[in-house]
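Comments concern the structure below.
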Amino acid sequence: MGARFHSNADRIAAPRVRSFWFHLAFALLSMLLLGLAFPSPGWWPLAHVALVPMTLMAGWAKGGKRLFWSTYLASYLWWLIMLGWLIGVTGGGYAALAAYMAIYYPAFLLIWRTIDIRFRWPAVITVPIVFVSLEFIRGTFLQGGMAWFGLGHSQAPYLPGHSTNWLIQSADLAGDWTVSFLVAMTNGFIVDLIRAWLAPGATRLRAVAPTLLIWIITYAAALSYGYQRIKEPDEANWPTVNVAIVQTNVSQSNKLGGTQASLMADWNLMLDLTRQSMASADKPLIVVWPETMVRVPLNPEMLAVMRRLKEEGRSDAILFHDQIAALALKFRIHLFVGSGTMFYDPDLKKNSAFQYLPTGEQAPEYYSKIDRVPFGEYIPWVEGWPWLKRLFLKYLSPYGPDNDYTLTPGDKRTVFLVPVQGSDDLRVTTPICFEDAFARSCLALCYDKLGKRCDVMLNLTNDGWYPGTDQGYQHVQMAVLRSIENRVPMARSVNTGVSCFISSTGRVGPFVEVNGKVQEVEGAAVHPMVIDPRSSLFGAVGTWPVRLLMILMFVLYGAAKFMRKRI
């Protein structure tokens, strides 16, 4: 491939590679291994070696320019493939998002390379420090970040028959970044082994001993901790609550612009699925519908307007509210439903979850989604420039320039109460849509300054934008880690799937499954959810550990750059 190597006696295994194509080949190999670790096929062990080729190349590269552009090219291709489920939603947004996300892998290599050259610490330490810090930045900053494809996500179950594991239990220490750190450590450990193997024989043992000791101690501690956390639950004596999840299979085109007949057919089917779930041997106390499947606003302000219009013979929209209330009353259930929320100001719209009580009344408080999806639920940066906003809507939004779907964020993290016989009231929160994909969102719903404030999370989601794609399985993996982080079980009701139950230890199932399919089918599932009384360290300290790790990375990088100038 035209690579030229130059030995360096004071470095362990430090050939120098100049060829752009050699750089690109190693980057593509890493991207291939990394892609295969996620659904599908979801070969999760590959995540433990995926970073090795590109990291070795970063250490061998003659300079940073070829390293950056070769890795950026491979990374951009990777993101285009992995985010392929976005093509049908917004082609322009898909390409732009992939272009931005592609920066992080070459940034990882350049920062790690600088730190490695100057400090020569074992890669088992420096690789996770740099990689996880950038993963945190990517998933947190710039309009809320894009947390998809965290390295640790690959280790979580997502299909019927998958079991939870010891390694991912560490997510309750410092979030899913703890799992990413452990996986990145193994990559760094292998890098150290390869560099030691390439070194002269007399230095091999000295080079590998520290990294081997660090890796063994850390993994032994993590696996022991995980084993204990899975073993602890006393499910026979912990309280349970029977929950039903309803999965609809409504295409997004029908949801946005269906005929009156199709809308009513979808509505009646959802009512029928709810009634069918009542026939379960484990009669549910709680029933959950997907996000915004009620097509009219249900907030009290608009209900009052619609009731007045109905009395005047000008609307029958109140029918939906009345049927929901009658259903909750008939079966004596707590029915959680998703709908849009509107006010007298037509520009004030929210995405909300409502609780209907066994009395047929609507609970006095509802929850409105706080963490909105950029370009899907609001257009960042350009609100003050209408002409520029129209361009963003035209090229980066799924709705087009004439349909501004901007939502107003909620301002309160509502905790719903569900009385349970023989126990304290069950505290329920309702992360909506992608809020279960972000650690910060579920953390704020589950914990406050006084401690744990939630017993069950009910996720109302509409994945009808991406039917039948791997996006649904990737979404489940992130939801699994949210349950472990907070030690709170979750029930997911998802239009088009994947709808399932997740225990506080990350066990998945049952799923809404029809003839072996969990996507693009409709159905319902009922399951007794076990309430975990335990709290998590993550609930107490939040993201501070990974923020400190990020600060450490910047300090090391800054010191390395300073040392470089002085040398």
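Gain in length, S224 to K330, computed as 0.36 nm per residue apart minus the alpha-carbon separation, to one decimal in nm?
On the way: separation 106, 0.36 × 106 = 38.16 nm, distance 4.86 nm.
Taking 0.36 nm per residue and subtracting the Cα distance, the gain is 33.3 nm.
Tell me, which cysteines of the chain are without a disulfide-compatible partner by the Cβ under 4.7 Å rule?
C433, C442, C500
Quick check: at a probe of 1.4 Å, how many percent of the accessible area of the chain sits on carbon and sulfur atoms? Mind showing how you got there, number by number?
On the way: 14480 of 23290 Å².
About 62 percent, which is the carbon plus sulfur part of the accessible surface.
In deg cm²/dmol, rounded to 500, what helix-only [θ] at 222 nm does the chain give when every DSSP H run of at least 4 residues adds -39500 (n - 2.57) and the total is split over its residues?
Values: 18 runs with 262 residues, N = 567.
That comes out to -15000 deg cm²/dmol.
Write down the percent of antiparallel bridges among all DSSP beta bridges whose residues are both part of the chain, to the nearest 5.
60 percent
Return one number: the angle in degrees, 0 to 90 and rounded to the nearest 10, between the long axis of the Cα atoms of helix 91-101 and the longest principal axis of the Cα atoms of the chain.
Between helix and principal axis, roughly 40 degrees.
How big is the C-alpha Rg of the stretch 327-393 next to the rule-of-thumb value 2.2 N^0.38 Å, as a ratio?
Expressed relative to 2.2 N^0.38 Å, the Cα Rg reads 1.55.
Say each of W21 and S535 gets a label point 7 Å from the Cα, pointing the same way as Cα to Cβ; how far apart are those two points in nm?
So the two model labels end up 6.0 nm from each other.
For the Cα atoms of the chain, what angle does the longest principal axis make with the long axis of helix 260-277, in degrees from 0 to 90, nearest 10?
Between the helix axis and the principal axis of the chain, the angle is about 80 degrees.
Label the stretch 478-567 by shape, choosing from rounded, prolate and oblate, from the square roots a ≥ b ≥ c of the eigenvalues of the Cα gyration tensor; if a/c is under 1.5 it is rounded, and otherwise prolate applies when a/b is larger than b/c, oblate when it is not.
Oblate.
Less than 15 Å Cβ to Cβ from S503, Lys/Arg counted +1 and Asp/Glu -1: what total charge do the surrounding residues give? Present the calculation step by step, with values, prior to reporting the outcome.
Numbers: positive: R229, K231, R482, R487, R492, R507, R534; negative: D172, E232, D234, E235, D436, D455, E485, D532.
Net charge around S503: -1.
What list of ³J(HN,Hα) couplings, whole Hz, do you get for the stretch 492-507 from phi and the Karplus terms 6.51, -1.76, 1.60, once you set θ to phi - 60° and write x for glycine and proline?
3J(HN,Hα) across the stretch 492-507, in whole Hz: 10, 10, 10, 5, 6, x, 9, 9, 6, 9, 10, 7, 6, 9, x, 6.
Give the residue list of trypsin sites (Lys or Arg not before Pro) in the stretch 382-450 that are DSSP loop and have at most 16 other beta-carbon atoms within 10 angstrom.
Answer by residue number: K412, K449.
For the stretch 171-182, just list the computed ³J(HN,Hα) in residue order, Karplus coefficients 6.51, -1.76 and 1.60, θ = phi - 60°, integers in Hz, with x standing in for Gly and Pro.
4, 7, 8, 9, x, 5, 5, 4, 5, 4, 4, 5
Using the Cβ atoms and a cut-off under 14 Å, what net charge is assigned to the surroundings of H162, where Lys and Arg are +1 and Asp and Glu are -1?
For residues surrounding H162, the net value is 0.
I need the peptides 473-483, 221-231 ranked by packing, meaning the mean over residues of other C-beta atoms within 10 angstrom, with the highest value on top.
Peptide ranking by packing, descending: 473-483, 221-231.
Hey, what do the phi angles of the stretch 241-247 turn into as Karplus ³J(HN,Hα) couplings, whole Hz, using 6.51/-1.76/1.60 and θ = phi - 60°, x for Gly and Pro?
For the stretch 241-247, the Karplus-derived couplings read 9, 7, 10, 10, 10, 10, 10 Hz, x marking Gly and Pro.
Return one quarter of the surface area of the convex hull spanned by the alpha-carbon atoms of the stretch 344-475, equal to its mean projected area, in nm².
Average projection, Cα convex hull of the stretch 344-475: 11.3 nm².
Normalized C-alpha radius of gyration of the chain, against 2.2 N^0.38 Å? The partial results should precede the final answer.
Details: Rg = 25.5 Å, N = 567, 2.2 N^0.38 = 24.5 Å.
Here the Cα radius of gyration is 1.04 times the empirical estimate.
Search the structure for amide H atoms under 5 Å from the amide H of H334, placed 1.01 Å from N in the peptide plane, and list their residues when 5 or more places away or on another chain.
So H334 has HN proximity to I286, V287.
Against the longest principal axis of the chain, how steep is helix 20-37, in degrees 0 to 90 to the nearest 10, with axes from Cα atoms?
Once rounded, one gets 40 degrees.
The values are calculated or read from the model by the stated rules, or taken from the named source; none is laboratory data. Remember, predicted model here, so these are calculated numbers, not experimental data. Cβ atoms come from the backbone with ideal geometry, glycine included; neighbour counts cover every protein chain shown. SASA here: full protein model, heavy atoms, side chains in, ligands and nucleic acids out. Shrake-Rupley method; radii C 1.70, N 1.55, O 1.52, S 1.80 Å.
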